[in-house]
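Peer 1: Quick one: structure below, then a few questions.
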Amino acid sequence: MKRALFIDRDGTIVCEPDDEQVDSFSKLRFVEGAITSLATIARLTDYELVMVTNQDGLGTSAFPEDTFWPVHRFILSTLEGEGVKFDDVLIDRSFPAEGLPTRKPGTGMMGKYMSGDYDLASSFVIGDRDTDMQLAANMGCRGLRLSPEMPWSRIAEICVAGERRAEVHRKTSETDILCRLNLDGTGRTDISTGIGFFDHMLSQIPRHGNADLYLHCKGDLEVDAHHSIEDTALTLGECLRQCLSDKRGLLRYGFSLPMDDSSCSVTIDFGGRPWLQWNTEFHRELIGEMPTEMFPHFFHSLAAAAQMNIAVRATGDNEHHKIEGIFKAFAHVLAVATHRDILHYYLPSSKGTL
């Protein structure tokens, strides 16, 4: 089935002036990254490109056509000169338009695309307003809202290579764990394992790795912390593996940081061969309520579930600093190794498989 990108114009492709009318060349300015990113999407994907815009008063005395069309044609011709040719342009020409089904988020203009010939679940609405996101919901599409956290470069990456999200629910007689991971997040966390220091360490991964992590674990802590820590690692590792199932464009490797008195080095490889090298010692049985013997076990289980190679080395006098440095270093190298380059979108292996 066909896929489409339904793209807003004002505020998304071109900057929207204070009076919300791009009716003169003096007001025309393209949004940063829009042309480059749209050209990348057009070159690397099979999406149909559909411009969907609300324009109050187009063709009326309030907004004469002779002030609109030259600017609009210039926008389209500029984009086409960079390889971005829109397959369709849908403009709401009603005035006044409030509440009419042709005006976003109404779907009155979208009939052709809702007839069953398009895979709307795999299509996107790209815009900068709540109405654009509501249009996506009304059509059954996914919405990508332009923002500082979602610039055009990120939108292009999602359209070309997809989102890297996973959810894993692991339930045994010993633990019940729900984990949601977004590798391309902003550092948001919601973590609860019942082990305070473990929560603190887990929170370092998304905050320093530019990911979003929801992880709730209910475990048999009245028996021991072992089951909760091990199963959390296995669940998080499975989420990582699912997020990276298609490793095309992946940098694959990640390379360390000091933490006050400690020096911590963590290197990783998503080569598909699980292994842990652990070169550090702890001289306390517990940090907080977490047994220090469980730190290497956590990373061993994580490596096994994510099918990754992890090498850890840490020195220092303060045990808290050493393990926090290890988690922060792991988060940093995770962000580096999972970085995806859509302009070099191939498998990073001479073997042809990872």
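The values are calculated or read from the model by the stated rules, or taken from the named source; none is laboratory data. Nothing here was measured: the structure is a model prediction, and the numbers come from that model. No Cβ is skipped: glycine too gets one built from the backbone with ideal geometry, and neighbour counts run over all protein chains shown. Only protein heavy atoms, including side chains, enter the accessible area calculation; ligands, DNA and RNA are left aside. Shrake-Rupley method; radii C 1.70, N 1.55, O 1.52, S 1.80 Å.
Peer 1: What is the sum of charges around Y214, taking Lys and Arg as +1, Asp and Glu as -1, for the other residues whose C-beta is under 13 Å from the C-beta of Y214?
Peer 2: -1
Peer 1: Using 17 Å as the cut-off for backbone N distance, which residues of the range 180-206 belong to the label zone defined by a point 7 Å from the Cα of H169 along Cα→Cβ?
Peer 2: Residues 180-181 fall inside that zone.
Peer 1: With +1 on each Lys and Arg Cβ and -1 on each Asp and Glu Cβ, how big is the dipole of the range 197-292 about its Cα centre, in debye rounded to the nearest 20?
Peer 2: Using Cβ point charges on Lys, Arg, Asp and Glu, the range 197-292 gives about 700 debye.
Peer 1: What's the local net charge at S123, with K and R +1, D and E -1, over the other residues with C-beta under 11 Å away?
Peer 2: Once positives and negatives cancel, what remains is +1.
Peer 1: With a 1.4 Å probe and every protein chain kept in, tell me what percent of the accessible surface of the range 221-340 is carbon plus sulfur.
Peer 2: Looking at the range 221-340 in its full context, I get 49 percent from C and S.
Peer 1: In debye, nearest 20, what is the charge dipole magnitude of the range 288-354 about its Cα centre with +1 on Lys and Arg Cβ and -1 on Asp and Glu Cβ, if you could check?
Peer 2: Roughly 380 debye, rounded to the nearest 20.
Peer 1: While we're looking at this one, here's another question. Would you mind getting the accessible area per residue of the range 150-282, heavy atoms of the protein chains only, 1.4 Å probe, in Å²?
Peer 2: Per residue, the range 150-282 has an accessible area of 45 Å².
Peer 1: With Rg and Dmax of the Cα atoms in Å defined as stated, name the option among (1) 24.9, 81; (2) 29.2, 84; (3) 21.0, 72 computed from the structure displayed.
Peer 2: It is the one labelled (1).
Peer 1: Turning to a different aspect of this structure: Find how many whole Å separate the alpha carbon centroid of the range 270-309 from the alpha carbon centroid of the range 162-228.
Peer 2: 16 Å
Peer 1: If I take R0 = 41 Å and measure r between the Cβ atoms of F255 and T102 in this structure, what FRET efficiency does the formula 1/(1 + (r/R0)^6) give, to the nearest 0.05?
Peer 2: Computed FRET efficiency for F255 and T102 comes out at 0.15.
Peer 1: While we're on this one: Once you list every other residue whose beta carbon is under 13 Å from the beta carbon of A314, what net charge do they have if Lys and Arg are +1 and Asp and Glu are -1?
Peer 2: -3
Peer 1: Given +1 on the Cβ of Lys and Arg, -1 on the Cβ of Asp and Glu, and no further charges, what dipole in debye does the chain carry about its Cα centre, rounded to the nearest 20?
Peer 2: The calculated dipole for the chain is roughly 1100 debye.
Peer 1: What value, in deg cm²/dmol to 500, does the helix sum -39500 (n - 2.57) over DSSP H runs of n ≥ 4 give at 222 nm once divided by the residues of the chain?
Peer 2: It comes out at -10000 deg cm²/dmol, rounded to the nearest 500.
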